[in-house]
1. For the residues LYS313, LYS31, LYS702, what sequence is obtained by ranking on other C-beta atoms within 10 Å, fewest first?
2. Nothing charged except the Cβ atoms of Lys and Arg (+1) and of Asp and Glu (-1): what's the magnitude of the dipole of the chain about its Cα centre? Round to the nearest 20 debye.
3. What percent does the relative contact order of the range 299-358 come to when contacts are Cα pairs within less than 8 Å and at least six residues apart?
4. Count neighbours as other Cβ atoms within 10 Å of each site's Cβ, and list the chymotrypsin sites (Phe, Trp or Tyr not before Pro) in the range 346-433 that are DSSP loop with at most 10 such neighbours.
5. Return the sequence-ordered ³J(HN,Hα) values of the range 320-337 in whole Hz as given by the Karplus equation 6.51 cos²θ - 1.76 cosθ + 1.60 applied to θ = phi - 60°, using x for Gly and Pro.
6. Kindly state, as a whole number, the per residue volume in cubic angstrom of the convex hull around the alpha carbon atoms of the range 68-154.
7. Based on a Kirkwood Rh over C-alpha pairs, give the Stokes-Einstein translational diffusion coefficient of the chain at 20 °C and viscosity 1.002 mPa s in µm²/s.
8. How much FRET efficiency would the formula 1/(1 + (r/R0)^6) give for SER484 and PHE170, where r is the Cβ-Cβ distance and R0 is 35 Å, rounded to 0.05?
Amino acid sequence: MNKRNKLFITFISLMVCVSMSAQTIIKPSTKTPTSFAIFIDRTSYEKAKDAVDAYRQSVETDGLGTYLAIDNFQSPEVIRELIVKFHTNKQQPLEGCVFIGDIPIPMIRDAQYLTSAFKMNQKADWKRSSVASDRFYDDLSLKFDFIKQDTDIPLYFYYSLRPDSKTYLFPDIYSGRIKPNEIEGKDKYQLLSDYLIKVVEEKRDTNNVLDHFSMARGHGYNSEDKLAWSGEQIVLREQMPQLFRPGNTVKFFDHSDMFPMKNIFLNEVQDPELDVMLFHHHGADDTQYINGFPESSFVTENIESIKRYLRSKLPARSKKVGKEQAIKEYMDYLEVPKTWCEEAFDPDKLMQDSLLNESLDIHTYDIRELHPGAKFILFDACYNGSFYEKDYLAGAYIFATGHTVATIGNTVNALQDKWPDEFIGLLAAGMRIGQFNRFTGYLESHLIGDPTFHFKNNVNSRFDINRALTMYGRDAAYWRKQLSNELPDVQAMALRQLLYAGEKNLPELYRNTYQHSDYFVVRMEAVKLLALNYPEQAVSTLKQSLNDSYELIRRLSGEYVERIGNPELIPALVKTYLNRGQEKRLTFRLNDATFSFDSTLLEEELNRQLQGRNLYSDTLVVKFRKLIDNDKKHIISDREELTKLGQKLSVYRNGIYSYRNHPTPLMIDDLLDIASDQNRPIEVRTYAVHTLGWYNISYRRKDIIQALSNIKTEDKDLRAELVRTICRLQGK
C-alpha cells in the first residue's frame, strides 16, 4: 500500500469516527401543538435501536411529535441547551423529555431548601451530600454554577445553585428517567429493549382507564395515625369517585392487617387489572420497609421480642468490649437473665432472626421475580427513586416483566408530612404521568419510566387536561373559568395556575375558596397556596383551618402555624391542642408549632381557655404544660451554648442548623446577632445567615431582610449566603 492510499484510509477513518461521535438530532416526524424529546447515549441507542424507534413512534402516535437526540453527552449543559432550544420553538414547543441510558446526572448542592426534608452537612462525602436531580433539566429558570465532574463515577456532575437563582420550583417541562438497573448476569441493554417494547404494547390499549386502584401503608408511616389514614381514604372518594362504583375497585392495605404483609403487598402489585399502586412507607435505595416486629399482649411473645432485641445488639457490642462485658452491660441495662443474653451467640437463633428479617421488607431481588400488574406506582418513601445507583427500587419495578411502565420515587430522604395525593384525581382525567410529577415534585422527586404515559379520560370527556396544561398554562382567563369545573382537582389546579399567571387579588380568592368550597382538596390547595405565598394574609384562615374536618388540612396548617409564627395564632393553637391533642400526627405538628411561641404567652392563653371549662381528665393539659416548659428550657440552653465563644465549629453548626427544621421566631434576634458579629468566625456567621433562609414565610421575614441587608463583608462565602438568603426571603 503506497503512502497516498495510507493517508486516504486514515482520513476516511477519522471522518467515520467524527460521524459516529457527533451529535445526532432527528426532528419530529409529525406536526403537533407541542413536542417531546428523547435523549439517549449512543451505545444504548445502537444496542436497542428497534425498541427505541418503536417507542418514539408510539409517543408520536399518541399526539406528541418527538425529537430523538443521540450522543455520548459530555455534560448536562449540552442537554440543557438543546432542551431550551426545543422548548422555545414557538411552532412546536417542548412539553417534556426522557433521558434513556447513561445520561449525565446533575448532583445539586446548596439547594437543600428545595427538597422536602434533606439536610445533610455538605462537608460529608459529595456523593451522599448532593441531591441527584433532573430539576437541572426541566426547571429552566434555576441558575447553576458548575463545580466538577466526579472522578469515580463520570456520570455525576456537581453543580451549586447560584445565590441569585430563583428560589422555588416550577418546572417548565416534565421529565423522566429510563436507566436500566445494572445486575450481575443481566444485559442492561436487553432490559432496556424489553422495557421499551412493554411500553409500546401498553400504549396500544386505547381503553386503558383508571378503574382499579390500591394503596398500602408500611409501619411507622405518619406515626401510624388512623385519622391520617382514614382521611386519605375519604378524600380519594372525592378525587376519583368512579373507583367506588360497581365494577371498579379501590383497596386499602395496612402493615398491621396480617404479619408479615410483604407477601400480601406483592400479591396485590401483581394483579394484572391493577392500574395504580400507591405505597406509603419508609425506604432505602433498594428496599421498601413494610413491617416492624409485631406487637403483642402475650407475655411469652414479648419475652421473645426482648430476646430478639438482645440478639440484634449484643454481637456488635461484644466486638468492642468483649462477650462477657457486653452481656453484663445489657443484663444491668434491661434487668434480664444471663441466659437471654447468651442466645445472642447461638448461630441457629441468629439464622432464624435473619430469615424473619428477610420476610419483613421488599427488596429489589424480590421484585425481579415478579410480574407487576400496576401500570403506575408511586413510592411515598425515602430513596426508592435513586436512579444514580446501579440497583434501585423504582427501576426494579419498571424493568421487571409485567405491565409497570412508570413509577415516581425520591433520590434522597423525603418528608412524611406532605401531600402525596395532590392532583392524583387528574390521572383519571387522562393527565400524563410526567405532568403529575411536574406539579407535585420536589428537588428529589423523579419519574422513572415513560413520562408520556396516561390513562384514558373516563371522568369528563369534554375536558382535556393535557391540552389545558400545555396550551393554557398561564392563561388567567382560562383558569378562572376552571374554578367552577366539575372536577375538584381541576379547581385546585386552577388555583395553582392563577398564581403563576399573575392573577390579582389572590389572597382574597384563596380565603374565599377556603370558606366556601365543599371539597377537601380545593380547601387544602387554597390553604397551602395562601400560607406559602401570602403568609401575612394567611393568619385569619389558619385560625380556622387548624380545626378543619379534613385531617391533612389540620396537619399542614400546624406546619404553617409553626413556620409563620405570628403570636396572633396562639389562641387557635392552644384550642386545637386541647380539643385534638390525642391525634398522633397532628400533635406531632402542634408540638413543633408550640416551639415558635413565647412560653409565657402560651401559659397565659392556656389558663384563659381553661377558665370555666369542665374537664374529666387533665392529661392533655399536663402534657401541654410540660411541652411548654421543655421548649422554654431548650431555648435557654441553646442561647447559652451559642453565646459561648471559642467552641468547635461543629458545636455552632449543629446548634444553629437545628433551627432549619424548627424556624422559631424566638431565635431570630439571636441568629441576626451572630450573623452580624464581626468577632465571630466567618463560618459561624455563615451558618446563621444560611439558617435564616428557612424563615421564608415567617411573619418577621421583612425584619430579617432589613437586618441582613445592612451586613457588609468582603468574604465571598458569607456574601454569597447573604444574597441567597435574602432572595429566599423575598420569594425570588
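What follows draws every value from the coordinates through simple rules; no lab data is involved. In this text, all values refer to a predicted model and were calculated from it rather than measured experimentally. Neighbour counts run over all protein chains shown; Cβ positions are idealised from the backbone, glycine included.
1. Going from sparsest to densest Cβ surroundings: LYS31, LYS702, LYS313.
2. It works out to roughly 1940 debye.
3. Relative contact order here is 33 percent.
4. Within the range 346-433, no chymotrypsin sites (Phe, Trp or Tyr not before Pro) qualify (loop, at most 10 other Cβ atoms within 10 Å).
5. 8, 10, x, 4, 5, 5, 4, 4, 4, 4, 6, 4, 6, 5, 9, 6, 10, x
6. 118 Å³
7. 76 µm²/s
8. The pair SER484/PHE170 has a calculated efficiency of 0.90.
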